1. Restricting to region 209-240, and then to whatever is outside any strand (DSSP E or B) and under 20 Å from residue 115 (Cβ atoms), can you tell me which residue is modelled with the lowest pLDDT?
2. Looking at (1) within 16 Å of the chain's Cα centre (by Cα); (2) touching a residue at least 60 places away in the same chain (Cβ under 8 Å); (3) exposed (fewer than 15 other Cβ atoms within 10 Å of the Cβ), which is the only condition residue 204 fails?
3. Which ranges mark the strands (runs of 3 or more DSSP E) fully within region 59-121 that have 2 or more residues being closer than 20 Å to residue 150 by Cβ?
4. Do you know which residues across region 30-55 are modelled with pLDDT of 85 or more and either closer than 20 Å to residue 189 by Cβ or exposed (fewer than 12 other Cβ atoms within 10 Å of the Cβ) (or both)?
5. Does residue 23 fit the bill of being crowded, with 16+ Cβ neighbours inside 10 Å, modelled with pLDDT under 50 and out of contact with any strand residue (DSSP E or B) (no Cβ under 9 Å at 6 or more places or on another chain)?
6. Run down 152, 116 and say which single residue is loosely packed, with under 14 Cβ neighbours inside 10 Å, under 15 Å from residue 174 (Cα atoms) and touching a residue at least 12 places away in the same chain (Cβ under 8 Å).
């Protein structure tokens, strides 16, 4: 009986881990923070997609983020993978070209003079409130905290298949008050005055002086890995003059 309490705690801890591990293979309709088999259940549009306040293009064309755009963060832990989806995205870009000029030609000529994408931090959510709480703490989140990408330069080249393009975008990502240079490589398609960018960007939390979150479940400590992936599929379109 001396060690009964310790043994009981260990059994409960293992049971919890088993339940969570099994949950990782369930559908998105189940509770907990899971991944579906053979697909990403967080590939769905942000609830709100809107322009970045204050960005204008008096001498060019203003592009704004369109409904249907999505972005989510995926990482791993000592237990299983997790995802956090951006419920709100704000994005605007300025192209130094006339409204009648081909958007593709303008990007090939590196005429994008500014581009900003913002994610209000507390609209980045998983299906596990405990994970969210620890993530916000690690990211030093406040009510007005944001993850920001600001473009510093871009190139556009033809892809491997006819009609496809690849954009290489240089920029600065700011997280928790710390900034780091990144190079994004995005599959790019055009339709009229719309441009769609899709890709996956690997980052490390430590690049932004962020310590990967740790969560204790009964007697087991679960720690997130340093490397994360940002999955994005965003569409920008020329703003119609009012």
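1. Selected residue: 240.
2. It is condition (2) that residue 204 fails.
3. 61-65, 70-77, 88-95, 112-120
4. 49, 53, 54
5. Here the answer is yes, as residue 23 does meet what is asked.
6. Going through 152, 116 in turn, just one is loosely packed, with under 14 Cβ neighbours inside 10 Å, under 15 Å from residue 174 (Cα atoms) and touching a residue at least 12 places away in the same chain (Cβ under 8 Å): 152.
The values are calculated or read from the model by the stated rules, or taken from the named source; none is laboratory data. Keep in mind the model is a prediction, meaning the values are calculated, not measured. Here the Cβ is made from the backbone with ideal geometry for all residues, glycine too, and neighbour counts use every protein chain on show.
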